[in-house]
Each structure stands twice: as structure tokens, then as C-alpha cells.
1. Residue pairs, Cβ under 8 Å, 6 or more apart or interchain, first in region A:464-484 and on the phi > 0 side of the Ramachandran plot, second assigned to a helix (DSSP H, G or I). List them.
2. Out of the residues in region A:320-357 that are within 14 Å of chain B (Cβ to nearest Cβ) and either without any contact (Cβ under 8 Å) to a residue 60 or more places away in the chain or within 23 Å of the chain's Cα centre (by Cα) (or both), which is nearest to residue A:196 (Cα to Cα)?
3. Anything in region A:574-600 that is surrounded by 15 or more Cβ atoms within 10 Å (Cβ to Cβ) and in contact with a helix residue (DSSP H, G or I) (Cβ under 8 Å, 6 or more places away or on another chain)? List them, or say none.
4. Which one is surrounded by the fewest Cβ atoms within 10 Å (Cβ to Cβ), of the residues in region A:42-78 that are part of a loop (DSSP other than H, G, I, E, B) and in contact with a Pro (Cβ under 7 Å, 6 or more places away or on another chain)?
5. Residues in region A:509-555 that are within 19 Å of residue B:88 (Cβ to Cβ) and over 29 Å from the mean Cα position of the chain (by Cα): how many?
6. When only residues in region A:287-299 that are buried (at least 22 other Cβ atoms within 10 Å of the Cβ) and more than 14 Å from every other protein chain (Cβ to nearest Cβ) count, which is farthest from residue A:256 (Cα to Cα)?
7. Within region A:107-117, is there a residue that is in contact (Cβ under 8 Å) with a residue 40 or more places away in the chain, crowded, with 20+ Cβ neighbours inside 10 Å and farther than 22 Å from residue A:374 by Cβ?
8. Looking at (1) within 21 Å of residue A:215 (Cβ to Cβ); (2) surrounded by 24 or more Cβ atoms within 10 Å (Cβ to Cβ); (3) at pLDDT 95 or above; (4) of a type outside the set (Val, Ile, Thr), can you tell me which one residue A:416 breaks?
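The values are calculated or read from the model by the stated rules, or taken from the named source; none is laboratory data. Just so it is clear, the structure is predicted and the values come from calculations on it, not from any experiment. Here the Cβ positions follow ideal geometry from the backbone for every residue, glycine too, while neighbour counts run over all protein chains shown.
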Amino acid sequence: MKVRSIEELREELLKGRQEPERQIVVSGGTCGYARGAGEILSALREVVSSRGLGNQLMVKETGCHGFCEVEPFSVVRPWGYLYQRVRPEDAPEIVEATLEGRPIERLFFCDPVTKERIPKAEDIPFFRRQNRLLLGDNERISPEDIGDYVALGGYRALEKVLREMSPEEVIEEVKRSGLRGRGGGGFPTGRKWESCRRAEGEPKYVICNADEGDPGAYMDRSLLEGNPHSVLEGMIIGAYAIGAHEGFVYVRNEYPLAVKRISTAIEQAEAYGLLGDDILGSGFSFRVRVVRGGGAFVCGESTALMASIEGKAGEPRAKYIHTVESGIWGRPSNLNNVETWANVPLIINRGADWYRQIGTEGSKGTKIFSLVGKINNTGLIEVPMGITLREIVYEIGGGIPGGKRFKAVQTGGPSGGCIPEELLDLPVDFDELTKVGSMMGSGGMIVMDEETCMVDVARYFVTFLEDESCGKCVPCREGLMQMRRILERITRGEGREEDIPLLEEICEAMKDGSLCALGRTAPNPVLTTLKYFREEYEAHIREKRCPAGVCRELITYYIDEEACTGCGRCLKVCPAEAITGQKKEPHRIDPEKCIKCGSCKEVCQFDAVKVK
Amino acid sequence: METVELTIDGKKVTAPKGSTILEAARKNGIDIPALCYHEGISPYGACRLCMVEINEGGRDRLVASCIYEAKDGIEVRTSTERVNRVRRMAMELLLARCPRSEVIRQMAAKVGVERTRFPERPPEEDDNCILCGLCVRACREVVGVSAIGFAYRGSKREVATPFHESPELCIGCGTCAYVCPTGCITFEDKGNVRIIWGREFEMQKCKVCGRYFAPVAQLEYIRKKAGLPEDFFDVCPDCRP
């Protein structure tokens with residue numbers, strides 16, 4: 001049924017819809033499923049249906065809420081209790097307690113810092129400090145139900161644009177909002193749209209870049225899985241503003257749930273006439289196709305992505321002629337990232353003036369980061385631009401586990417930089433991150449503690465990038481390979497005094513000479529670790545020592561006789577039979593036999609296994 | 001013809017609108033080194049030797065001159081310290097990749113690189129290929145068959161036939177070998193047979209002089225494409241009246 005207005009759509013979708021007030025919500029993104037959300041949903045639904053409680057209680061699956069640390073979890077409404085690490089066995093108790101309006105204290109979130117149990121999601125510091133303009137609806141929407149999106153005011157922005165605004169006015173509004181591209185480049189979105197609108201050539205294309213490839217970054221997946229219609233609505237509005245009638249969602253093939261949910265959303269939008277010909281009777285037509293990614297990290301680069309849509313190998317080309325003028329098949333093409341598109345309906349609904357109040361001078365709005373690594377509260381966080389790294393790490397992230405010391409945070413994905421402790425008060429926005437040698441990138445944040453070796457970190461990222469470089473241009477292909485070899489030598493204790501200046505020389509040539517942004521930013525992990533942690537490189541090279549105790553060739557495991565109780569756990573787990581000792585007497589590691597796998601250190605409950 | 005006027009190394013030059021900086025420079029007798037460029041093939045921007053520093057609208061930046069369009073009023077400097085740093089590093093990296101290639105050694109010497117600080121590829125791995133892609137582009141654009149392409153990515157990238165098998169689409173013309181700047185693609189003519197990319201091609205014998213002058217597959221391809229009569233290539237070009 002094609003609708004002529006959103007009011008008509010609301011009536012169609014929401015008539016007779018009555019949801020019970022009491023709801024048990026389960027976070028059902030890919031990550032939730034990996035931790036058992038599917039089993040919990042089945043168990044809860046089984047209890048509800050077998051007891052015929054369907055009209056009193058609703059079990060609802062939503063997209064990811066972002067709090068990975070306590071997955072799988074459920075939120076019980078109307079009270080907002082959050083139950084952490086729920087198991088299928090908990091289902092009967094959760095159902096009963098919810099019917100009685102009674103909380104289950106044993107399932108409350110336990111704050112890693114204060115050890116205090118916190119009943120409600122909204123009071124947990126992880127959520128309290130965020131500003132979840134985009135992620136917030138992930139908690140309320142069933143991703144495959146367009147009715148949920150519409151009930152929350154979805155597609156109102158589209159209607160407003162089609163009825164009341166000219167394309168130029170839409171562009172002006174987006175320009176005024178100060179929205180910058182969330183894929184990493186940070187280019188002003190409104191200006192990009194304007195260039196594409198003005199570019200000569202037909203047809204024009206809009207593209208949603210959902211080829212999220214940074215290790216440890218998953219905000220785009222979460223948005224596509226949790227609230228696909230918001231991305232779609234943003235794209236339709238953008239297409240209207242630009243004058244495009246065809247669009248592509250280029251999504252990683254490794255994201256099957258995201259592919260499924262955005263495809264479902266497109267079908268639903270088509271069914272109601274929100275996509276297709278004459279949208280809402282406005283005369284404007286627009287269609288979207290899902291293209292599954294070619295499986296390469298570099299396909300997230302806009303020109304490589306467009307080559308991939310054309311059916312060619314995903315290799316970047318120089319952007320001297322911008323893609324807004326000559327993109328897919330040489331036609332004007334406007335590419336924005338998932339998160340950028342999702343911001344658009346918000347800006348139209350609430351206005352550029354409202355949006356501009358959030359964030360910093362040069363970076364407006366919120367940004368979603370994936371906070372991972374050595375951090376207590378792993379998860380996706382949405383914060384206003386300008387928040388400090390310290391607030392993110394210590395207040396939202398709950399600090400470093402095991403009482404260890406913070407060492408660095410790596411932002412911006414593999415070609416971002418490592419930011420040290422002395423810069424923790426840095427306000428996070430596009431320009432500040434670039435100033436310290438890192439970048440916003442797609443918003444990955446990997447926290448590292450004192451047991452992380454920064455030379456090893458640089459080696460890890462350079463190895464990743466060497467694998468993922470397309471290999472077209474000389475500096476990136478050959479430079480990354482030689483850098484990886486040098487870094488490997490250093491971590492093996494075979495570093496030479498001239499290695500550091502040589503690394504710096506390669507980095508400079510790559511920054512200036514590489515063809516695309518992958519190669520131009522690839523030196524960042526090396527340059528920032530050299531800038532902020534040079535003494536670690538020097539310790540490896542001059543003293544053949546790894547200060548963090550990570551690089552295998554440079555460390556020795558030993559047992560602290562004072563601390564060892566002779567429990568024998570390490571002896572049992574050692575695969576090299578390098579540990580000897582009588583029960584209840586201190587054990588010893590034979591350094592000749594030890595293969596430095598670290599298993600003994602992992603199992604020791606008395607912190608008696610040491611590294612030097 | 002519409003032209004643009006720009007400055008290259010302090011010299012005012014004009015060039016047809018739409019030409020690249022590299023074309024404008026070479027047309028005016030200014031040399032810019034390049035390895036992946038050929039005037040008959042679309043530019044690619046991969047070797048990065050042709051990088052130049054330009055000033056456009058008050059902003060200095062490095063661009064690959066083989067793909068950057070020559071525009072009115074831009075100032076181009078072909079040999080600044082920044083440019084030379086990139087060129088020297090690119091050549092040092094290529095010299096480690098192909099230490100036995102005379103062309104690479106000469107080109108390196110030209111930009112001031114006599115030796116490489118990186119470990120050289122051992123002889124058994126060294127195929128002299130610098131991955132400039134001239135062969136791949138020539139096969140696609142000039143010949144029009146796309147018999148070879150790139151395989152793998154990053155430092156594992158190589159030029160290969162599909163699945164490393166005997167190339168079905170190849171017509172044995174040898175254009176790839178002809179454009180290869182380092183001579184790493186070769187073919188062998190043994191009487192009535194040409195061997196290239198591991199495939200044997202039957203050669204056409206000239207009815208007049210008796211010389212085996214070209215692969216039958218290539219002549220068939222040309223004949224069909226140009227709509228020539230069936231006996232057109234019975235005689236070699238030298239014996240044709």
C-alpha cells in the first residue's frame with residue numbers, strides 16, 4: 001500500500017497496535033547474538049507463551065544498545081532495570097518478577113570501580129555520561145518493524161523535506177548544522193551535497209558507505225542492524241537535495257545481519273511508497289540497492305568502493321577530480337558514511353540551530369566511538385564532540401581493569417595514532433585528534449595499559465595495513481612491507497641505531513607520496529609511537545629490552561619464590577614441561593625449555609609468575 | 001584548440017586544455033621521471049616518480065603529474081626537496097624489489113640513489129616486475145583482450161593470467177612484453193611457435209617469403225575486428241604489394 005502522507009502511514013501501521021506496558025527487551029545485535037541473545041529470546045518467549053502471558057507482557061528484540069561488556073543483557077520496562085549477563089535459565093524468574101513488578105537484584109549491573117549494584121540502565125555511568133541521539137532509538141526499535149520507527153516519529157523529516165523545503169534549503173540546513181563526514185575524513189556534508197548537486201551529468205548517485213573495516217569498530221553495523229530506517233531516511237533526504245534517483249548501500253559481506261535488516265527496511269519502505277516512484281505523492285523518485293562488499297579493507301575508501309560497485313577490483317584512484325563530479329561510471333556520486341546519513345533526519349526534525357549547540361567550534365553533534373581494549377566497560381558510546389579522552393576512558397569506560405595503569409589510546413582505526421597519558425585531557429573532535437598526529441577515523445578507540453608494548457602495537461597495525469594495501473602505488477606497497485620488516489627486527493632484539501631515522505624517512509615519503517588515504521595515513525601508528533614512546537623503541541634497540549614485557553625474544557619468565565604457594569597450576573598448564581617443583585614448595589621455570597607462551601602467568605592466582 | 005597557461009620550474013608554458021602536467025612538461029622539453037607512464041596508455045599514478053609540487057590558489061601540495069590536469073595559472077616545481085624525498089624513497093624501495101634490473105638501477109642513479117638500505121629480494125624471487133601495470137593496461141586498452149591482470153593485493157600483488165593458468169583470451173601479440181619497462185615479460189619465437197605466458201601459439205607463415213611473421217590468433221583477432229577478408233594475412237606486411 002502506497003501512502004500519501006506520514007499521518008496515513010501511522011494510521012495504517014499503528015492502528016490497533018497495543019503494546020503491554022511491561023516489556024522485557026533483549027539487545028539483539030550481532031554481538032548480542034554471539035553472546036547468546038538468541039537463546040535468551042527463545043527462552044523468554046517460551047515462558048511467556050506457555051503461560052499465556054502475551055497480553056500482559058511483551059518480549060521485544062531490539063538492535064544493539066552498545067554495552068558489550070554485560071551482553072547478553074535485558075532491560076525491563078517500564079522501570080528500566082538492566083539485567084546483566086543473563087542466561088536462558090534466568091528466563092522464568094525474569095518473567096515472574098516482571099509480572100510482579102519486582103526487580104531481581106542479583107542480575108543488576110555491578111560497577112567495576114565502586115562495586116556498587118546499579119538497578120537502572122539510566123543510572124549506570126556508562127549510559128549516564130552519553131548523549132545517545134542516534135543510538136538511543138536502538139533501545140526502542142525492533143529493527144525489522146517499520147511501525148516502531150514510524151511510532152517514534154520516523155519519516156517525518158522526509159515528509160517535511162518533500163512538502164516544505166526546496167533541495168537548496170535542505171542543503172543550506174545541513175551546511176548550517178556543521179555536520180561533517182563521520183567516515184573519517186570529516187568533510188562538511190552540506191558542502192559535499194552542494195558540489196554534487198551542482199555537478200554536471202546525469203544520473204547522479206548517492207551511496208551509503210557501510211564497509212566498516214577497522215578492527216574493533218562496529219558503530220555502523222550497530223546502526224544498520226539496530227535502526228536501518230534512520231539511515232534510509234537520511235539517504236532519501238540526501239538524494240532529494242542532490243537530485244539523485246538511485247542509491248547504493250555498500251555493506252560488508254561479513255555483516256549478514258546488517259545486510260538482512262537494511263534489505264528488509266528497503267522492502268518495507270518500497271511497500272509503503274517511501275522509496276520508488278513519486279514518494280509520498282511529491283513527484284520525487286528514488287531507489288536503493290544493497291551491494292555486498294568485496295571483502296577488502298581498502299573497499300571502504302570511496303574511489304575503491306565505487307570501483308567495486310562497478311564490478312571492478314577495489315582499487316583507489318587519485319581524487320584530483322572529485323567523486324561528486326565523477327564517481328560511479330563517471331557520474332556525479334555522493335558518498336557518505338552510515339553514521340552521517342543517520343544524523344540527517346535529526347537535523348531536519350530538530351533544526352540546524354539545535355544541532356549546532358552540540359559539540360565544538362569545528363565539530364558539531366555527537367560521535368559514536370567503539371571503546372575497546374583494556375577497558376572495564378567495553379562498548380559503543382555516543383558522546384558530544386569535545387568530550388575529553390579522560391572522561392571517555394575513566395567515567396564512561398570505568399577505567400582500566402585489574403588496577404593496571406593507562407598507557408595509550410589508539411584512535412581512528414589501524415591508520416590512526418596512539419595518544420599517550422599526558423594528552424588525556426584532549427577534547428575529542430576532528431581537528432584536535434589530527435593535531436596530535438592521530439585522527440577521528442571511523443571512531444575506533446583501543447585502550448592500552450602498561451602491559452602493552454608500543455613497538456609491538458606499531459608492528460601489529462603496519463602488518464594489518466601491509467595485508468590490506470591494494471598494492472597499486474610504490475610507497476604504500478613497498479614502504480609498508482619494509483616498515484613491517486624493520487619493526488619485526490626491532491621486536492626480535494635485532495634493531496639497529498639507524499632504524500628509527502629510516503622509519504621516519506619511509507613515513508614521510510608515504511605521507512607525501514602515496515596515492516590514497518590508506519597509504520597517506522598508514523604511517524600514523526609508527527609516527528605517533530615514535531613521537532610519544534620513543535624510549536621504548538630505544539630500549540628495544542639499545543638494551544635489547546621490552547619494557548612492557550611483551551616481545552617474546554626479549555623477555556624471560558620467572559617465578560617469584562616469595563609469592564609462589566606451590567599449587568602446581570602452572571606446572572600442569574606448561575606445554576613445554578619447563579616448570580618443576582614439589583607440591584607446596586616454590587616452583588621454578590627452566591629458561592632453556594620455556595617457550596614464553598605466557599600460560600603459566602595466565603593461570604597463576606598469586607601473581608607469582610613474573611616477566612623481566 | 002583551447003590552451004592553458006601554467007608555469008613549470010619558472011618557465012611559462014602553454015598546453016592543450018585537458019593535458020596533464022607531465023604531458024605539458026614533456027611537450028616543453030622539461031623532463032619528469034616516470035616508470036608507469038606511456039603516452040599511448042591511460043595514466044595510472046602508481047610509481048609516484050612523477051610527483052611534482054604545485055601551488056594552486058596559494059596552497060602547496062604534491063601531486064602525481066601523470067594524472068593531474070594542467071590548469072591555468074598553476075605553478076609547478078618538478079624538483080623540490082619534498083619531491084626529491086618521495087622520488088628517492090620510491091626508487092630505494094624499487095631497488096630493493098628489483099636489484100638486478102638495469103633500468104631500475106639507472107633510474108635510481110638519476111634521482112641520486114646509488115644503493116638501497118633495504119634488504120634486496122633474493123635472485124630466486126626476483127622477477128624484475130615493478131607492478132607498474134603497463135602490460136595490464138596495454139592488454140586491456142590497446143589490444144582490447146584483458147588476458148592478464150593483477151592478482152592478490154598489497155606486497156603479494158603480482159601480474160598474472162587468470163588462476164595462473166594458460167591464458168585463454170591471450171592472442172600472443174606480445175604487446176605486454178613490448179611495453180614492459182624492465183623487460184620482465186618475455187616471449188620466445190621458435191620457428192612456427194611463439195611461447196608467451198606459458199601458452200604456445202601457432203605462427204602464420206608468409207606465402208611469399210616463407211617467414212613466420214605473427215601468431216595466427218592475433219591475426220584472426222585483427223581480421224575479425226577490422227572486417228578484413230579471410231586471405232588478408234596470407235602475406236606478411238613486408239611482402240604485401
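1. Qualifying pairs under 8 Å: A:471/A:477; A:471/B:154; A:471/B:155; A:471/B:156.
2. Restricting to residues being within 14 Å of chain B (Cβ to nearest Cβ) and either without any contact (Cβ under 8 Å) to a residue 60 or more places away in the chain or within 23 Å of the chain's Cα centre (by Cα) (or both), the top hit is A:321.
3. Hits for region A:574-600 are A:574, A:579, A:581, A:587, A:589, A:596, A:599, A:600.
4. A:55
5. Total meeting the criteria: 2.
6. The residue in question is A:288.
7. Scanning region A:107-117 turns up no residue that is in contact (Cβ under 8 Å) with a residue 40 or more places away in the chain, crowded, with 20+ Cβ neighbours inside 10 Å and farther than 22 Å from residue A:374 by Cβ.
8. Against the list (1) within 21 Å of residue A:215 (Cβ to Cβ); (2) surrounded by 24 or more Cβ atoms within 10 Å (Cβ to Cβ); (3) at pLDDT 95 or above; (4) of a type outside the set (Val, Ile, Thr), residue A:416 comes up short only on (3).
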